[in-house]
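Some notes on the structure that comes next.
All of the numbers you see were taken from the coordinates with simple rules; none came from a lab. Remember, it's a predicted structure, so these values are computed and weren't measured experimentally. Methodologically, a virtual Cβ is constructed for each residue, glycine included, from the backbone with ideal geometry; neighbour enumeration extends over all protein chains shown.
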Amino acid sequence: MQTKIHYLKAIVSDFIARMHDIRFAGQVVFVLIVLIVSWSGVRAIQMNYNLQKQITTTKQENIIQKLQNNNLTLQNEYYSSKQYLGLQARLNFGLALPGEQEILVPRSVALAYAPKITVNDNEPSKISVPSLQRHITDWVNFFLHRQ
C-alpha cells in the first residue's frame, strides 16, 4: 500500500514539475480546448438529430391530417351527390324513379323465404343475413364511422 502511495506521489510531482515547461503546458491546454470543442459539437449534433426527428414527426402528422381532411371532403361530396340522395329517398321515403314499380309482397310469402331464427337463452343468437345486405350495411357503417 505504501509503495502505491509513493508511486502516485511521484507521478503527481512529475506532472507538476513538467507544467513549468511552456511546451507541455501548451499541449495540455490544447488538449482541453479540443475536448471542449468536441463535446460542444457532439451536443449540437444530438440536438439537431432530435429537432429533425420532431420535424419529421410533425410533417407526418400534417400529411395524415390533410388525408383525413381530403377524406371528409370526398364524403361531403358523396352525401350531396344525386346518387346518395336517390338512394336515401328510396330507403327512407319509399320513393322510386319514374317508370319503376313497387311490388308489395304479402307477409306470409316474405316470411316463407326469410331465414329461420331460433333463439336460445344460453347462446347469443346468430342471424344469417344475405351477403348483399351485409355488404351494403358494411359500406354504410364505413361511411358513417360506426365500426
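For the stretch 81-103, name all the residues that are assigned to a helix (DSSP H, G or I) and exposed (fewer than 10 other Cβ atoms within 10 Å of the Cβ).
Matches in the stretch 81-103: LYS82, GLN83, ASN92, PHE93.
What is the residue count in the stretch 1-40 for residues that are surrounded by fewer than 10 Cβ atoms within 10 Å (Cβ to Cβ) and of a type in the set (Lys, Arg)?
So the answer is 2.
Test TYR78 against the criterion of being touching a residue at least 40 places away in the same chain (Cβ under 8 Å), within 23 Å of ILE136 (Cα to Cα), surrounded by 10 or more Cβ atoms within 10 Å (Cβ to Cβ) and touching a Phe, Trp or Tyr at 6+ places or on another chain (Cβ under 8 Å), and give yes or no.
When the stated conditions are applied, TYR78 passes them.
Cβ-Cβ distance below 8 Å, separation of 6 or more or different chains: which pairs start in the stretch 97-111 with a residue that is closer than 17 Å to GLY86 by Cβ and end on one that is surrounded by 10 or more Cβ atoms within 10 Å (Cβ to Cβ)?
Listed pairs, sorted by first residue: LEU97/GLY86; GLU102/ALA96.
Here's the yes/no breakdown for (1) aliphatic (A, V, I, L, M); (2) under 20 Å from PHE143 (Cβ atoms):
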| site | (1), (2) |
| --- | --- |
| LYS4 | no, no |
| SER13 | no, no |
| ALA17 | yes, no |
| PHE24 | no, no |
| VAL34 | yes, no |
| GLN52 | no, no |
| ASN71 | no, yes |
| GLN83 | no, yes |
